[in-house]
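Data first, discussion second: the structure below is written as structure tokens.
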Ligand code: FES
């Protein structure tokens with residue numbers, strides 16, 4: 001497959017503020033021609049000169065104002081060395097994106113479940129807000145190892161009709177119980193592949209459709225440009241023997257039922 005042609009642009013960081021266990025960066029760019037969508041990400045240069053691979057960050061919000069430009073909200077883990085590893089207000093930030101296929105919204109109001117984990121919680125919350133703008137009832141399942149790692153619960157509770165908190169190991173049980181109670185038509189996963197697999201399997205068990213993130217945005221070892229193959233996932237036989245998908249270039253949002261999750265392990 002050929003990698004998509006991606007253009008890098010310069011933005012200005014106008015804010016870098018704490019958000020619980022995370023940092024929220026606001027970056028102003030020339031106005032985007034097409035609005036950003038939940039499920040898209042940006043690619044930024046590595047944190048240090050001795051690193052080769054770039055960083056990938058979920059887009060957690062976007063606002064475009066005529067004559068001013070586009071402000072992207074990016075929520076990222078607080079880096080181990082302190083926020084100094086992140087750009088400060090006034091810094092230029094070279095970034096590529098927003099990249100990729102975002103989550104699709106239902107054309108009619110339905111009940112939806114959004115599952116998310118870690119820093120992806122901000123993108124998940126943005127997805128909840130978008131689902132509610134099209135009339136959906138939305139239930140958010142937020143997964144985190146530690147209580148403080150749930151992203152901005154005050155805003156999350158305003159963005160969804162119900163919020164369930166769980167540890168990652170409890171995601172399957174929480175999702176199964178929730179789907180039995182609210183009978184969603186669609187389940188979404190914004191987070192690591194382990195969560196995407198769980199959501200896809202729970203959805204398949206209930207006859208609902210699922211849309212899941214197919215690449216661990218924010219993880220180390222990703223090129224994000226469709227070049228290295230590190231993110232390739234196998235598809236079910238029905239897609240053709242040996243078929244794979246390269247989510248950073250062809251997603252990152254995928255139909256959960258298309259991926260052969262057993263073979264992906
Ligand atoms: S991360 Fe390199 S091809 Fe997807």
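Some observations on this one:
- Breaking point among (1) under 24 Å from residue 16 (Cα atoms); (2) modelled with pLDDT of 95 or more; (3) assigned to a helix (DSSP H, G or I), for residue 132: (1)
- Verdict on residue 179 being over 16 Å from residue 253 (Cα atoms) and out of contact with any strand residue (DSSP E or B) (no Cβ under 6 Å at 6 or more places or on another chain): yes
- Residue within segment 211-221 that is farther than 30 Å from residue 174 by Cα and modelled with pLDDT under 95 present: yes
- Residue match in segment 30-41 (condition: out of contact with any helix residue (DSSP H, G or I) (no Cβ under 8 Å at 6 or more places or on another chain), within 23 Å of residue 134 (Cα to Cα) and within 16 Å of the ligand (Cβ to nearest atom)): yes
- Residue tally, condition in a loop (DSSP other than H, G, I, E, B), touching a residue at least 40 places away in the same chain (Cβ under 8 Å) and under 19 Å from residue 94 (Cβ atoms), over segment 14-31: 1
- In segment 32-124, counting only strands (runs of 3 or more DSSP E) that sit wholly within it, the ones holding 1 or more residues that are at pLDDT 95 or above and over 23 Å from residue 10 (Cβ atoms) span 111-117.
The values are calculated or read from the model by the stated rules, or taken from the named source; none is laboratory data. What you see is a predicted model; the values in this text were computed from it and never measured. As a convention, Cβ positions derive from the backbone with ideal geometry for all residues, glycine included, and neighbour counts pool all protein chains shown.
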